[in-house]
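Trainee: Okay, here's the structure, questions in a sec.
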Amino acid sequence: ARCQCKLIPRERRNCGYPGISAVECRKAGCCFNASMPGIPWCFAPKAKKVRKVCPNDPHTRINCGFPGITAKECERKGCCFRAHPAGVPWCFYHRMVEE
């Protein structure tokens with residue numbers, strides 16, 4: 001993602017070799033910016049930021065518990081708990097989303 005390549009020059013970690021082209025750099029999964037001499041032009045992108053969320057759509061829930069599990073037992077397993085609607089898991093896994 002483009003935002004992963006927005007790094008201040010001193011944060012750039014070299015990701016290529018001297019003379020690497022923009023095409024080769026990007027093929028390697030790196031960022032390329034040749035606008036400043038003396039700093040890496042081909043550099044590693046920032047790590048993606050992810051966070052856990054409990055899915056809103058009850059039909060996308062992936063079961064994390066068992067029938068009759070309590071909210072406390074479910075949360076101890078590190079899962080989401082919502083005791084509604086009927087017919088879908090009430091204890092279910094988080095989803096990871098990029099920020």
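Trainee: For region 16-33, name all the residues that are surrounded by fewer than 11 Cβ atoms within 10 Å (Cβ to Cβ) and either on the phi > 0 side of the Ramachandran plot or assigned to a loop (DSSP other than H, G, I, E, B) (or both).
Mentor: Residues satisfying the conditions are Tyr17, Pro18, Gly19, Gly29.
Trainee: Also, I was wondering about something else. Which ones in region 48-65 are closer than 30 Å to Cys3 by Cα and not in a loop (DSSP other than H, G, I, E, B)?
Mentor: Val50, Arg51, Lys52, Val53, Thr60
Trainee: Of everything in region 66-99, what is surrounded by 10 or more Cβ atoms within 10 Å (Cβ to Cβ), under 27 Å from the mean Cα position of the chain (by Cα) and part of a loop (DSSP other than H, G, I, E, B)? Give them in sequence order.
Mentor: Lys77, Gly78, Cys79, Arg82, Val88, Pro89, Trp90, Tyr93, His94
Trainee: Can you name the residue in region 35-65 that is touching a helix residue (DSSP H, G or I) at 6+ places or on another chain (Cβ under 8 Å) and among the charged types (D, E, K, R) and is also surrounded by the most Cβ atoms within 10 Å (Cβ to Cβ) among such residues?
Mentor: Lys46
Trainee: Right, next: Pairs needed: first member in region 78-97, at negative phi; second member anywhere, β-branched (Val, Ile, Thr) and open to solvent by 60 Å² or more (accessible area, probe 1.4 Å); C-beta distance under 6 Å; at least 6 residues apart or different chains.
Mentor: Hits for this filter: Phe92/Ile62; Tyr93/Ile62; Met96/Val50.
The values are calculated or read from the model by the stated rules, or taken from the named source; none is laboratory data. Because the structure is a prediction, the values reported are computed rather than measured. We place every Cβ from the backbone using ideal geometry, glycine too, and count neighbours over all the protein chains shown. Just the protein is used for accessible areas: all its heavy atoms, side chains included, with ligands, DNA and RNA removed. Shrake-Rupley method; radii C 1.70, N 1.55, O 1.52, S 1.80 Å.
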